[in-house]
Amino acid sequence: MPARITVCYTDQPAVESFLYEGSGYLIGRSQECELRLEHPTVSRLHAKVAHQDKLWQVNDQRSLNGTKVNGMAITHSALAEDAIISIGTLDCLFETKSAQQIEAISSHNDWRIASSQAQPSVPLTKHLQQNLSTQLQNIIMLTGTQRGIVLLGDSLASLNVCTAHGMQPKDFKLTHFEGSIGAITRCFESAQAVVAMDVSQHDLLKARKSIELKQISSLACIPLLSEDKVVGVVYTDSKMSDKVLTELDIEILTSMSRQIETTVQALLLQQSIDSLQQILNDKPISNGKEYSLLHLCH
């Protein structure tokens, strides 16, 4: 029956080896040893483990610091199914295993290595974009509004849809925006939140014909910042005539917007990392274009 021996060092990871019948294994510091143990208490040729007469056995090779089995000093000893072999001051756990068990252990170790090296099934950038979509949905659900959108861009004119719910994101142009253009413009340019608990009472928005035509009753627009610069906005509104944004709604919206802001910052950082990784791999970056806020929206 095969066996596994695990050398337990005090100052480094344990080392695992498999032993098979029909072979002898020298243990020591010498290059000729099948099981090399780099430790000052281990002799060059310290001990030998072999499978003889249907048993695993260990023989001390006249080592300086001796060999023990389960704490008893030995020159020769048979090994039970499980035993602790002390080589100098190093303890080695000896365990007999069936061929099927050895194969299962090896396969599992191969799987662990492969899994650790595998790329995530969903790239981190994609995962962050999905997270952004979920965060916007939560804003709409928790504030009781009807629709929302996250717009990102380096300027008001370059704003693009990153994620939207209840609005049409295709071929986005600010001039054709379904929501309040005035609210987004003021929010982006001032880096301040624009909140209309009741649009009909809002000094800035109540006179705008677009608000009346679009039948918006309440809205909120929160700026998104990165390195103290506005990089986008979160916008949500409702057409329900009885919907009024309360202080609690605004508190929730502000908190959730900070989460979105963190996600956007993470996206920007991840794209910088992706860009650097492509440079290191000598690959072209996004068809020759630099990463920007625009790329976060696709």
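The values are calculated or read from the model by the stated rules, or taken from the named source; none is laboratory data. Keep in mind that what you see is a predicted model, and the values were worked out from it rather than measured. Methodologically, a virtual Cβ is constructed for each residue, glycine included, from the backbone with ideal geometry; neighbour enumeration extends over all protein chains shown. With ligands, DNA and RNA removed, areas are computed over all heavy atoms of the protein, side chains included. Shrake-Rupley method; radii C 1.70, N 1.55, O 1.52, S 1.80 Å.
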Unique residue being open to solvent by 30 Å² or more (accessible area, probe 1.4 Å), aromatic (Phe, Trp, Tyr) and at pLDDT below 90 when the list is Phe172, Phe177
Phe172
Restricting to region 150-187, give me the number of residues that are among the aliphatic types (A, V, I, L, M), touching a helix residue (DSSP H, G or I) at 6+ places or on another chain (Cβ under 9 Å) and assigned to a loop (DSSP other than H, G, I, E, B).
3
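Let's see how each residue does on (1) free of Cβ contacts under 8 Å to residues at least 12 places away in the same chain; (2) within 30 Å of Asp11 (Cα to Cα):
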{"site": "Ser63", "(1), (2)": "no, yes"}
{"site": "Ile85", "(1), (2)": "no, yes"}
{"site": "Asn109", "(1), (2)": "yes, yes"}
{"site": "Ile113", "(1), (2)": "yes, yes"}
{"site": "Leu142", "(1), (2)": "no, no"}
{"site": "Gly148", "(1), (2)": "no, no"}
{"site": "Leu156", "(1), (2)": "no, no"}
{"site": "Thr163", "(1), (2)": "no, no"}
Members of region 230-249 found to be open to solvent by 30 Å² or more (accessible area, probe 1.4 Å), in contact (Cβ under 8 Å) with a residue 60 or more places away in the chain and hydrophobic (A, V, I, L, M, F, W, C), listed by number:
Met240
Kindly indicate whether any position in region 4-19 is in a strand (DSSP E or B) and among the small types (Gly, Ala, Ser).
yes
Would you check if there is a residue in region 196-204 being under 26 Å from Gln137 (Cα atoms), at pLDDT 80 or above and not hydroxyl-bearing (Ser, Thr, Tyr)?
yes
Strands (runs of 3 or more DSSP E) contained entirely in region 45-138, each with at least 3 residues that are crowded, with 17+ Cβ neighbours inside 10 Å and in contact with a strand residue (DSSP E or B) (Cβ under 7 Å, 6 or more places away or on another chain):
47-52, 55-60, 67-69, 82-87, 90-96
Set Thr145, Thr89: member being under 30 Å from Tyr235 (Cβ atoms) and under 45 Å from the mean Cα position of the chain (by Cα)
Thr145
If you take the residues in region 25-44 that are hydrophobic (A, V, I, L, M, F, W, C) and either surrounded by fewer than 19 Cβ atoms within 10 Å (Cβ to Cβ) or within 24 Å of Ser106 (Cβ to Cβ) (or both), which one is farthest from the chain's Cα centre (by Cα)?
Leu26
Tell me, yes or no, whether region 237-249 has at least one residue that is acidic (Asp, Glu) and within 29 Å of the chain's Cα centre (by Cα).
no
Counting only residues that are free of Cβ contacts under 8 Å to residues at least 40 places away in the same chain and either in contact with a Ser or Thr (Cβ under 9 Å, 6 or more places away or on another chain) or among the hydroxyl-bearing types (Ser, Thr, Tyr) (or both), region 6-18 contains a total of 5
If I ask for residues that are surrounded by 12 or more Cβ atoms within 10 Å (Cβ to Cβ) and closer than 17 Å to Leu90 by Cα, which ones from region 9-24 would you list?
Tyr9, Val15, Glu16, Ser17
